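Here the structure is laid out as structure tokens; the discussion comes afterwards.
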Amino acid sequence: MHPASHSFVSDHTAILADEEGNFSRTAAIGDSLGMNTAEVPQLPKGAAMPVYRSQLDRSSAAQSQGDRMDSLSPPATPSQRLLDSESQNQYASYTPSDKLENVTDPEQKDSWIPYPLRPWFWIPFFVLLVLLAIGLEIALHFSNKNNGWTANGDAGDDVSLWHYVYTLPPSFVAMILVALWAWTDIEIKKMQPYVDLVHGDSPPHRSLLLDYTRSNNFIVWTRAARNRHYLVALTTLMVLLTLSFQPLAAALLIVRNTWWQMPDITIRNLAHLGLNQNSNFQDLTSFLTAAGFASSSSLYDLPNPPFISGPYTVAPFELPGGIETNGTVLFVNTTALKSDPGCQAAQVSMTSLANSSWNNTISVQGCSLSWIVNDTAEVLFGVNATNCSSDTPQFSPVAFWFFDYSPSAQASATVCFPTFELFDVEINYDLAAQNVTQVTELRPFTSSSNFSSASGNITGSPLNGRAYNGIEFNLTDPDQFVLARQAAIQLQMPAAVLQKAQQSSAGLQGSFDSDSFVQYSTGVYTTYLTLLAQTVYFLPSDELNTIQVKTIVERLFLSDVAVHLLAVAMIIVAFFGTIAQLFHRFDRRHLRLRHEPGTIASAVSIGGQTGMGALLAGRQDQKDINEVLSNRKFRIDPRTMKIIMEGEEGYEFASSPRDRRKSVFAALQNAK
């Protein structure tokens, strides 16, 4: 019976260790290593020297497994086939090649793939990007169509809570999308050295020494392009593109001050068309008040009173309450009276009389007027009704006349033929300005118009469509106060015109020379007639009227620029990301990682007990590592996932089945 011993098997020799741990060289298979027993450290009892795959004779693969195991078993021991459990490494020897092939057979175990590179991850992700892009464009369409959405609170104020309620959620969604694609990019970068190794003939700078994750994304894509790792360059560029997601998402919602129509409101008209001959009409109070405002408005440039705009006097109505006045405009269909003074210049015939007096005469369209002045004052003025055969004095044309003795006697006269027209109108009433800002004539006012119930005494008897001139009146037994009011009216009106001429840039003399009194008379008389119409041609009323209200409100809109840019960016990422995933899936088809790479344990598992590991053993300095790996090429065995260096036995059998390609497009063509 033979004593128990332990053996070390290599391509070159068989070394036996007895029970005391002493070695003996039993068979020389090859002497190229130049090993001797003195170089081998003493083993403990029952231990076996490690066996390297690269040292096994691959030609022995033709032998049957039973023969090989029997031939490698030490004398007087059971067959190694019965003792090859990993927990029983105290036995003499085993055949590593058979064991590794059984463990790493890709048909027996699925290879490890990062989550972002799995179809169930990236297909829904890209579909989501496309759906979000389409959804943004659809939302933009409805945003523009519906004039935005109602904004709660002060959404435009950056100190308001609602501002962040509207702007932060899109940013959070964009942040998640960016993070998911960044995860995909980092996993592709981590796997690139292994993908390059499985392709074969990989230099160290593209595999063993490669780490794209430690470079800034703004420059790493150029390095990847130089290494012809185009998928890494593409995914990195997509990462840079996704950096725009968050600022664009934050800019999606904007607040605009929008012209917005509110629900219609029913209000009451305060007056409608009708001759108003109340007590103020009879004692001329209404006329005197209008003359006073017209005179002051001309001199001090006062704004029009409510419900008067230019020549239009609008039927007044009650203003709605409880709504914001700033920027709010009421749109009202109502009635209006349009006053026309009909003023024109008249040629004055001057005749000199005794004592520096002058007789002045005008005649226009069958209406005439004569007045005499003397030199009791340097400047004289007045207004009188003209003599017309067909009109009573209160409906007759009136003449504003002015006379100046300095530097020489000169006279000017303006004859006005006041009229009015009635219209159905649409008005814009600005609540902030408290006045009518626009009047649009819809149609002439008729007896079938709205609010026409009391208009018969204007369009018919006694007025028959004629306008009071407001200068002369048909008075019956007037008292001294009524006469005084009439005199005041006849004094205020021409006095306002004269003061307007004196305050003009041309001055009084220039106004005589250019006959500007027509312009000034028209302005003062128009204001007087429109004010007079409000009290004379409208009667109190309480009829209902429905009005439209439009105001400026804050509305939420989608920004056209932000939506288009973000949608395009998402489509680009989805399109090129899909291409990158498909091409990367094809590139790594022979890569059979059994575990997640990146840890120290993973590096030892893949590179340990290899020629590369022996080459790097004891080298810590980066320069030494670069030098020892330079001018070498490496592959990874797709079955064992061990790194093999060029020149090692089995290097030519570790390459992937397909040829090295020049581009991913050629790879797809070859795959057909």
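For the range 307-341, which positions are part of a loop (DSSP other than H, G, I, E, B) and in contact with a helix residue (DSSP H, G or I) (Cβ under 9 Å, 6 or more places away or on another chain)?
307, 310, 311, 316, 341, listed by residue number.
List the number of the failed condition for residue 592; all other conditions in (1) of a type in the set (Lys, Arg); (2) surrounded by 15 or more Cβ atoms within 10 Å (Cβ to Cβ); (3) at pLDDT 85 or above hold.
(3)
Going through the range 214-226 one residue at a time, which ones are surrounded by 14 or more Cβ atoms within 10 Å (Cβ to Cβ), closer than 28 Å to residue 613 by Cβ and not hydrophobic (A, V, I, L, M, F, W, C)?
Across the range 214-226, the qualifying residues are 215, 223.
Scanning the range 523-574 for residues that are in contact with a Gly (Cβ under 9 Å, 6 or more places away or on another chain) and among the β-branched types (Val, Ile, Thr), which turns out nearest to residue 131 (Cα to Cα)?
Looking at residues that are in contact with a Gly (Cβ under 9 Å, 6 or more places away or on another chain) and among the β-branched types (Val, Ile, Thr), I get 553.
So which pairs qualify, if the first residue must be in the range 527-541 and in contact (Cβ under 8 Å) with a residue 24 or more places away in the chain and in the same structural domain as residue 395 (by TED's automatic domain parsing), the second must be buried (at least 24 other Cβ atoms within 10 Å of the Cβ) and assigned to a loop (DSSP other than H, G, I, E, B), the Cβ gap must be under 7 Å, and the two must be at least 6 apart or on different chains?
These pairs meet every condition: 528/470; 529/341; 529/418; 529/470; 532/470; 538/315.
Looking at (1) under 30 Å from residue 592 (Cα atoms); (2) surrounded by 13 or more Cβ atoms within 10 Å (Cβ to Cβ); (3) not acidic (Asp, Glu), can you tell me which one residue 148 breaks?
(1)
For the range 529-544, name all the residues that are in contact with a Ser or Thr (Cβ under 7 Å, 6 or more places away or on another chain) and surrounded by fewer than 19 Cβ atoms within 10 Å (Cβ to Cβ).
535, 544
Yes or no: the range 513-525 includes at least one residue that is outside any loop (DSSP other than H, G, I, E, B) and over 28 Å from residue 339 (Cα atoms).
Yes, there is a match, as at least one residue in the range 513-525 is outside any loop (DSSP other than H, G, I, E, B) and over 28 Å from residue 339 (Cα atoms).
Failed condition for residue 267, given (1) in the same structural domain as residue 574 (by TED's automatic domain parsing); (2) out of contact with any Ser or Thr (no Cβ under 7 Å at 6 or more places or on another chain); (3) at pLDDT 90 or above, with all others met?
It is condition (1) that residue 267 fails.
Among the numbered conditions (1) without any contact (Cβ under 8 Å) to a residue 60 or more places away in the chain; (2) assigned to a strand (DSSP E or B), tell me where residue 575 comes up short.
Unmet for residue 575, out of (1) without any contact (Cβ under 8 Å) to a residue 60 or more places away in the chain; (2) assigned to a strand (DSSP E or B): (2).
Suppose we filter 504, 516 for residues that are within 18 Å of residue 298 (Cβ to Cβ), without any contact (Cβ under 8 Å) to a residue 24 or more places away in the chain, buried (at least 16 other Cβ atoms within 10 Å of the Cβ) and among the small types (Gly, Ala, Ser); which single one remains?
It is 516.
The values are calculated or read from the model by the stated rules, or taken from the named source; none is laboratory data. Note that the coordinates shown come from a computational prediction; the quantities given were computed from them, not determined experimentally. In this analysis, Cβ positions are derived from the backbone assuming ideal geometry, glycine residues included, and neighbour counts consider all displayed protein chains.
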